[in-house]
Amino acid sequence: MSTPFWRSAPVAEPESSVPLRSAVLASVLIAATAIVNEGLVGPAATTASLIGIPLAFWWSHHHRHRESALLKLAIAVGLIAALIGFIGQVRTAQIVSALDVQIPLAELFLWVQFLHSLHLPARRDLMFSLVSSLVMLAVASVLSVGMGLGIFVLLWLGGGLTSMHLAHASRLRTKLPLTDHTPPVPRRSLVGPAGAVLGFSVLAFLVFPTARTISPIVFPSKLSVISRLLHEGGLSNPSLGGNGEDVDGGFADRSSFGYFGFAESLDTSLRGRPDDTLVMRVRAQAPAFWRGQTFDRWDGRTWSSSFDAVVPISGEEAIQTLSTLGDDRVDSPDAERFLQTFYIERPGPNLIFGAYRIDEVFFGERYLLELEDGTLRTGVNLGKGSIYTVMSEMTPVDGNLLRAADPLAVPYPNVIATRYLQLPDVPDRVVDLAREITSGESTTFDKIHALEAWMADNTSYSLDIPPLQPGADAVDQFLFVDRKGFCEQIGSSLVVMLRSLGIPSRLVIGYTPGERNPFTGLYEVKASDAHSWAEVYFPGVGWQGFDPTAQVPLFGGSEVANTGSSLLSYLAGRFDALPQIVGRSVRVAGMAILVGVIGLLSWNWRAESRRRRMRSWAHRTLEAFEEIGGRRGIARSPADTPLEYLDSLELAGIEGARRAGELITASAYGSVDLDVSDVGIVEDLVDAHRSKGRR
Amino acid sequence: MAAQVAADLFANVTRALRGKPDEARLAIAALLSGGHLLIEDVPGVGKTLLAKAIAQSVGGTFRRIQGTPDLLPADLTGITMYRREAESWEFQPGPLFANVVLVDEINRATPRTQAATLEAMEERQVTVDGRTHPLPKPFLVIATQNPFEHAGTFPLVEGQRDRFSLVLELGLPGRQSERELLLGQGGTDVLRHLKPTTDPTTLANAISEVHRVPVHEAITEYVLDISAATRSHPAVSLGASPRASLSLLRVAQAHATIVGRSFVAPDDVKRVAPAVLSHRIILSSGDLRAATAVIEEILAKVAVPTG
């Protein structure tokens, strides 16, 4: 060749279909927007993807007929530059969390996509773009924690399917140049695979156990600071609408939706419950109660904390928490590290939530404030988008262990007794009731259970209770007058009765696990999931939660449901308005119909694809025989039918060729499903004669 | 079912007509495709034998018409006559009202009578004195003619030849077949003992089943390619009509059934194409017999789509 290498060369099969190009471009843009929408990538990569990619598509469409070596060189240089940029970013950034790597990685993907878009002469290149846009969508899903990505996935599915359909049509056009009409594209080629994919994913959803979504090397954290607290170490809760000290913090939302318990004190005479605002999402391998803070001082109506000294704690990567009062640990080989990542959706109290007992916190500021009871506060108000990860150590406990570590029998530090046995003047009948209920039980553990059982039998849970009369004792009012109340009344009564029996205990404020969203795998915690319950000190074991209303599980592993059932219950939760029975039967019937339709579609599709594969088998095999015959000087004229040609091969001494001809004919024109053994015989024949020819 | 009917017919017909399996197959293909058959050849090669063998194998009613110049259309279709005892006009059906009608030496009949016959073949009904009478189902016309005889004949024109699904040339028998004939094996002696292998209803069902034999789109393309090639061939002044294409496909479907295939192979199309097409094209030279050679030439050129 005399042409110098840098001169452009013609492209073998340029793709001229504008609809196909547009569909691929749409898919790529949808995927890029999904990444950009997470708001994490820089302006350069954003511009390159949202403006650069369409321009690059336009450019490569206009230059599809010529292939320029210079352009390829430029793309290669660009790719290397992007890679160097990525490595540089990763090296210079202080990698605290995996998120710090994911963002440069996402940017790298955007750059690669942009550079690739500059050179898309053929259909193959467009299909590569489509595939890499799917990878980009996967990157976006790694970055995303919300349901917003679902829209992009649906849009991309539309774009992707259209692209594949158009690519198929375009392929048929080029493969059959003799026919001047566009060959009909079988409709089934779309419906079948789509149905099969849907079917398989539903099946997979139903069968696979809920994924343990977190691996111990990922510690996401991200800061989205609204404002610093004026009084460092203090408590602020913007979700209470101006309560807390940081009134001038500039919160967007002043209305109160949060739980009033996330404050310096908890007044049990207050009524009114938080609403269903989504406050945070939690990625965790199992549900747990997300603790916020504890109260130890009770005055008959209000809980408060006697701890006001805050200790700053910090760390380079993980912030280690301090050992706090009553923070005893059992040495157990079964102790498990339990990771939870919290994604803040609405500004709330500046508390670090987590399952008991928090060991390490991965927090963007690398600096926290800890109270003596283990409550962790941040120095800033966290806005939407803040992320922190908590590592808790969970030791399995059971009734026997707790019975052995009885605070009534085992000595424990005095300082715990003074704090956690403190009581104001409690009405006598409350103390008498506690004694009466527990008189038959000898250990603390059993006494607690007796109290819980009594409350379950004699009181009821209700959000609708009368206001607390002035001067009345909240516990007395609940146990003897109202006999109904919500978690504060129930939890407070348990703590007060336990203390009257000499059992050290406290009230904890936090959130119940929330509802697991099967689409994202995250627990969605609403303001109304706020909860309070009792914790009892067991010497040598530590604090153990007890809750007469919502059974705090003793740690020891939770049930792992399969994804399908959680999906169903999640969806069922969305359709609560439907009458239960009708809803359930409709759901069951709908599910059955869906499975049936999917089964039919996939069966149909399987048969069709098998036939198609067989037809192409016929074509391949015929070509193989043409090669064999060609070596013997018997060429196939285009006007020879496969059967005629193989007949002539049989006459030339290739035994079995006639039979092969019949099979090829049946497969090519009859849409006949061939027997596997027949196919095997023919392929053996081809192999035998091929190797003979080579020798 | 159609395959069984075809196999039985084939076995029966070849018992009478020795040494001509391909011709027998084509004749049965014409029958199963629901079309009509024209047998052209010199006398004494078994034209009538084949027609009678088919007629007897099919069962049902059989009529034979001898083509003569004084044959009138009414002799075939029937007439309306007055019945004295019933005191009413009554239609008296002619010999066309049969499942199998053999028209011997059709080119000896006058063009007027020929036209009436061919009209009935196409319409499958007869109109006499303003009243329409449907012909029985199935209705198969087997016509014979001697194309080499010219005196006192009225050759069928192209449009009339087009009504026949295929035209068969029997040719002289091989020496072995001729010996068998001399020894009394096959031929008219066998014909006497030939039993029907099917009945009109079964045959009608078999015909509609043949119409449903699956045709791959590559086969459709092949048929279209062949028809297109006849139209663009330099020696041809009038190529195959769309009716010819349809006939080719139908006869190929029937042929596939006879050879025991559940689908149409390009081989079926190739095998029946000369018989189906050669009488439907007009060569510039006007030579009728060269047409078969032209079709053969086209078949050797048109590429077989291999899917």
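At a glance:
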| quantity | calculated |
| --- | --- |
| Boolean, B:Ile226 is part of a helix (DSSP H, G or I), touching a residue at least 24 places away in the same chain (Cβ under 8 Å), within 14 Å of another protein chain (Cβ to nearest Cβ) and over 28 Å from A:Trp617 (Cβ atoms) | no |
| Residues that are over 21 Å from A:Glu264 (Cβ atoms), small (Gly, Ala, Ser) and assigned to a helix (DSSP H, G or I), drawn from the range A:481-508 | A:Ser493, A:Ser500 |
| All positions within the range A:480-503 that are surrounded by fewer than 19 Cβ atoms within 10 Å (Cβ to Cβ) and of a type in the set (Lys, Arg) | A:Arg483, A:Lys484 |
| Residues of the range A:615-656 classified as at positive phi and facing chain B (nearest Cβ under 9 Å), total | 0 |
| Test: B:Leu72 is within 14 Å of the chain's Cα centre (by Cα) and among the hydrophobic types (A, V, I, L, M, F, W, C) | no |
| Cβ pairs under 9 Å, 6+ apart, first in the range A:399-417 and more than 11 Å from A:Asp328 (Cβ to Cβ), second of a type in the set (Lys, Arg) | A:Leu408/A:Lys447 |
| Filtered residue count, the range A:34-70, keeping only those that are crowded, with 18+ Cβ neighbours inside 10 Å, within 31 Å of the chain's Cα centre (by Cα) and among the hydroxyl-bearing types (Ser, Thr, Tyr) | 2 |
| Any helices (runs of 4 or more DSSP H) falling wholly within the range A:375-475 and containing at least 2 residues that are β-branched (Val, Ile, Thr) | A:414-420, A:428-438, A:444-458 |
| Which listed residue is surrounded by 24 or more Cβ atoms within 10 Å (Cβ to Cβ) and either in contact with a Leu (Cβ under 6 Å, 6 or more places away or on another chain) or at pLDDT 90 or above (or both), from A:Ile437, A:Ile509 | A:Ile509 |
| Enumerated helices (runs of 4 or more DSSP H) restricted to the range A:81-188, each holding at least 1 residues that are modelled with pLDDT under 80 and over 23 Å from the mean Cα position of the chain (by Cα) | A:149-175 |
| Condition check for B:Val264: in a loop (DSSP other than H, G, I, E, B) and either modelled with pLDDT of 90 or more or touching a Pro at 6+ places or on another chain (Cβ under 8 Å) (or both) | yes |
| Residue among A:Leu468, A:Leu498, A:Leu463, A:Leu479 that is under 30 Å from A:Leu235 (Cα atoms) and at pLDDT 85 or above | A:Leu498 |
| Extreme residue, nearest to the other protein chains (Cβ to nearest Cβ), among residues of the range B:231-274 that are surrounded by 18 or more Cβ atoms within 10 Å (Cβ to Cβ) and among the β-branched types (Val, Ile, Thr) | B:Val264 |
| Test: residue in the range B:93-102 that is touching a residue at least 40 places away in the same chain (Cβ under 8 Å) and surrounded by fewer than 18 Cβ atoms within 10 Å (Cβ to Cβ) | yes |
| Where a residue in the range A:669-681 is within 14 Å of chain B (Cβ to nearest Cβ) and its partner, wherever it lies, is modelled with pLDDT of 80 or more and in a loop (DSSP other than H, G, I, E, B), with Cβ under 6 Å and at least six apart | A:Tyr669/B:His216; A:Tyr669/B:Phe263; A:Tyr669/B:Ala265; A:Gly670/B:Phe263 |
| Enumeration of residues in the range B:282-295 that are touching a Leu at 6+ places or on another chain (Cβ under 8 Å) and either surrounded by fewer than 23 Cβ atoms within 10 Å (Cβ to Cβ) or over 30 Å from B:Glu149 (Cα atoms) (or both) | B:Ile282, B:Ala290, B:Ala291, B:Val294 |
| Helices (runs of 4 or more DSSP H) enclosed by the range B:7-83 - at least 1 residues per element that are modelled with pLDDT of 90 or more and among the β-branched types (Val, Ile, Thr) | B:21-32 |
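The values are calculated or read from the model by the stated rules, or taken from the named source; none is laboratory data. Small disclaimer: the values here were computed from a predicted structure and weren't measured. Reconstructed Cβ throughout: ideal geometry from the backbone, glycine too, with neighbour counts over all protein chains shown.
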